[in-house]
Structure formats: C-alpha cells, structure tokens
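**Q** Here it is, the structure, as structure tokens.
Read-outs throughout are calculated quantities, based only on the coordinates presented, and are distinct from any laboratory measurement. As the structure is a prediction and not an experimental result, all values here were calculated from the model. Virtual Cβ from ideal backbone geometry, glycine too; neighbours counted across all protein chains shown.
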Amino acid sequence: MHLFELPPELLHLIFEHIVKSRQLDRVMRIRIVSRQFKTYIDRLIFHLRLLSQISGSFELVGFRFRLKPAFPSYVCSYLSYQVLRERSTTSLLGRIRRAATAICEMEGNTGDEAVMMCINSLVRLAMLNYVDSLLREPTVEEQEECSNKDLQEDLYVAAIYLNKQSYVKRLIADGIKLCDTASGYGVHSGVFGKAFPAAAKQGNLSMIKLLLPYYADLLAFAQREILRYASVYGYQEAFDFALDMRQISLPQEYERVAAMLGPDSRVFGPYSAGSPTGWLERWAYLGEVEMVSPLQSFVLCSRNASSVRYTLDKGANPNWANRTHPRAPLLSAIRADNEAIIRILLEAGADPNMPHSPSSPLMEATSKGNISAVKLLLSHGADIRQGCPPPIVIATFKENMDLFRLFREHGARLDTPETGGLAMRVAKSHGLSSMVDALVREGASQDVVRYWGPDTCSQTWWRRLLSPQQ
C-alpha cells in the first residue's frame, strides 16, 4: 500500500514521529521529498513551533531577504501562523496581531484576508529587528501586560511602515513626536523599532518626506537610513533622493565661529564632540560614509552591476572599508561570485592587493575556486605571493589543479618552506595524494614540510580550512 493511501489520522501520527525524532535540519531536508511530504511536515513544524530551536542562532540581517529570500519567507509564514494562534495580547506576537487589527479597523476592512496581509507585512518588519525574540517561546515577563504607551507606539510605527499617511499626518498635527531629534527621542516600538527607519525600510518616498522635516537636525542620520535600506531593497527613487540631500554647511559655520571666538579659544584644542572641530570631523566622516557605503550594500545584496556603476558615478570609493565594515566592495563582489561587478570595480581602480582580514581578494577567489575571478585579479596586478597562506597553498588544499597550474604559470614559488613546504604539509595532512604528486613534479620536496598553525598565520584559515582535524 502506498504511504498516502493510509488513513489521514495514521499519516499524521507517522509524520509526527518523523518530525519529533529528528533534528530540524534533517526534517527540513525530508520536507522536499515531495509536495505531499512538504504539506504534512510544514503543518507539524508550524503546529509544534519547531523553529524555536533556531532562536538565538538565526541572525537575520535585512539584506538576506534579497540574497536568500526563500528561508526568510518561510520564517515569515511560520511567524504569521504563530501570530494568529497567539493568545496573549501583550507578547511580541500578540502585539503584532493587535497592531494589524487596529490598522485594518482604521481602514474599515477587517476581513480575514486583509488582516492576514497586514500581519504578514508587520511580521517582516518585526523580523528585521527582533527575529530571535519572535522565534523563541515567550517568557513569563513577556506575557505580562505592557503599557498603553507601548501599544500606541506599536501602532504609530506600524502605520508609518504601511504608509497610512492620513493617520500619520493626524499624529503630527496632534504634536506626537515620531522621530528622534537632537533634543530628544521619538517613538520606539518594542516590536517594530523606530519610526523613521520603518519608513526607510519600506522605501516609500512620500512617507519619508512627510517625516523628514521633523528629523531635520539629524539630517545625516536620516540620509544614512534611507541609503542603507534603499541600497538593500533596490528603492531607486528613495536612493536618488537620499544622495541629493544636502548636509549642513559645517565649514562655513566653523569659519564664523572661529572668527567670533578667536584663535586662542579652547574649542580649537583637542577634538571634542561639542567643539566646532569635533563637529567638522564628525560630519566629514559621516558624509564620506554615506556616499560610499551604498556601494558595498549593492555589491553584497542586489548583485546589480548597474547599481554599482551608479554609485561609482556618484563618487563612491571602490576601496572603501572601515572598522565597522572591514570588507571592501571588491571582496564582497568576489564572495558573491559576481564577475561583472568584479570587473567594474577593478576598472574603477579597486586595489586587487588591498589587505583584508583574513583574506586578500586573490585568496578569497582561490578559496571559492573561481578561476575567472582569479584571472581578472591577476590581469589587474594581483600579487600571487601575497597572503597567509599563499594562494597556491589554498589551491593545493582545494585540490584545484587548474588554479595550481595557473599560479605556477604566473611565477608562484614552491621552493620555500612558506610555499612548497606548507603546501606539502597541507596535502599530506588531508590525504591529498594527487596534490602531493603534483608538488613533487613541480620540484617540491616531500622532506621539507613546514609546520604551520595559528601562531604563524591566520587563525581563521587554520581553524576553518587547513586544520587536519577537519
């Protein structure tokens, strides 16, 4: 008898046993066996709240909606189901349902379909802020009643995200302080986050403009929020608007203050946050970051060559990186396997030898086995000797004979302990007999084996790739 010819109640027990007796990753693989398997397993995953197992480890950054939308969409459906089942009106899930219902009542459409659409939208917003908290089982403290102010702020931010302009205009007219300013904080929902970022995440330019006059004394931060989310989600209109925003003319203001105070004033001493010098440095830094960071976001998220050209034309630096975002755009493009963007960045002056931790561009391309990217980097001057471990050692570890030969053709050495000796150790440690033979043919000695560990080179490469314990 075919499995699905069994009585439904027996089928349910069989699939319940399958789901309960296996780890979640195994269950997720079983569900793709067939459409019928998927139906039964999804129903049980949702009903048993099995995704609570990944709470605390599921770091959902906004750009993953663009990079790998399938799983976040699955989580969104799962959480929407949990919102409908939630009994508490003060837990995070209950507050989502409460805000969605209030929005629908405001619009005069409380049908099941309208409420469900609203819940789905608000779940996506909440996921960008508190996905781990949404997935795990609520604590006793979270079940306790929250204040009316908390619930009101949920509604305010939800209305902004869903572009309910008439309601938001009434709030502004009533004197509700929605956005942060230098003089104080605006509304901050414990479920949906702050007001202005919610508008930026949706990319609705009319809502952004509606809120912007009340954000005027933090213009650079508003610009950053718009650029950040416009670059992630491809909101071209909002992106153009943000790039055209003009920041306060600090150099001119600085000159006026300097003329009034004179050269001996203490404000011209060491930088401080409140001094004109400190403000000048701060705004200059922010202005540079805002003009450049969208380039990295586009490379990471949209993989859109035209967007990269656009930001380069706007003056973005192809070699930009800082402590917060240590990866320059070139490394991001290599990790995305986007040859078109790699070429654009190199032609725009991206440095193929720019140091990164733990990988140089050539090391990263070699690790991914992307021979086209490697050739592009070499043609633009990438140094085959740069990197720890050297690229030819990584090619050895990956058993990539094409890259191994390519590096040898470009002069990669194997006659030093750091190259041939290290490559031989890696090949022997991992039982790569084909690479041992290739190294011997290229003149590397089997007797000269260099010890290599985290004290002599990158700990990340040792731990993740070359450690013989793997």
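**Q** Would you mind checking which residues have amide H under 5 Å from Thr416's amide H? H placed 1.01 Å from N; only 5 or more apart, or other chain.
**A** Gly421
**Q** Take each of the peptides 153-162, 27-36, average the number of other beta-carbon atoms within 10 Å over its residues, and list them starting from the highest.
**A** 153-162, 27-36
**Q** Sticking with this one: Convert each backbone phi in segment 151-168 into a coupling constant with the Karplus relation 6.51 cos²θ - 1.76 cosθ + 1.60 (shift: θ = phi - 60°), then list the ³J(HN,Hα) values in order as whole Hz, x for Gly and Pro.
**A** For segment 151-168, the Karplus-derived couplings read 5, 5, 5, 4, 5, 4, 5, 4, 5, 5, 5, 8, 6, 8, 5, 4, 5, 5 Hz, x marking Gly and Pro.
**Q** Round to a whole angstrom and tell me the spacing of the C-alpha centers of segment 339-387 and segment 16-44.
**A** Here the two parts' Cα centres lie 42 Å apart.
**Q** Counting other beta carbons within 10 Å of each Cβ, put Met207, Met354 in order, fewest first.
**A** The fewest-first ordering by Cβ neighbours comes to Met354, Met207.
**Q** Could you please report the charge total around Leu171, scoring K, R as +1 and D, E as -1 over all other residues with beta-carbon less than 15 angstrom from its beta-carbon?
**A** +3
**Q** Residue by residue through segment 341-355, which ³J(HN,Hα) values in whole Hz follow from phi under the Karplus form 6.51 cos²θ - 1.76 cosθ + 1.60 (θ = phi - 60°), with glycine and proline marked x?
**A** Coupling constants for segment 341-355: 6, 4, 5, 4, 5, 5, 5, 8, x, 4, 7, x, 10, 4, x Hz.
**Q** Under the rule a/c < 1.5 gives rounded, and otherwise a/b versus b/c splits prolate from oblate, where does segment 381-437 land using the Cα gyration tensor? Each step should come with its number before you reach the end.
**A** Details: a/c = 1.90, a/b = 1.43, b/c = 1.33.
Note, shape of segment 381-437 comes out prolate.
**Q** Also, I was wondering about something else. Any lysines with Cα under 28 Å of the Lys38 Cα? List them, leaving off those in the same chain fewer than 8 positions away.
**A** Lys20, Lys68
**Q** Listed highest first by mean packing, meaning other Cβ atoms within 10 Å per residue, what order do 223-230, 166-173 come in?
**A** Taking the mean over residues of other Cβ atoms within 10 Å, the ranking is 223-230, 166-173.
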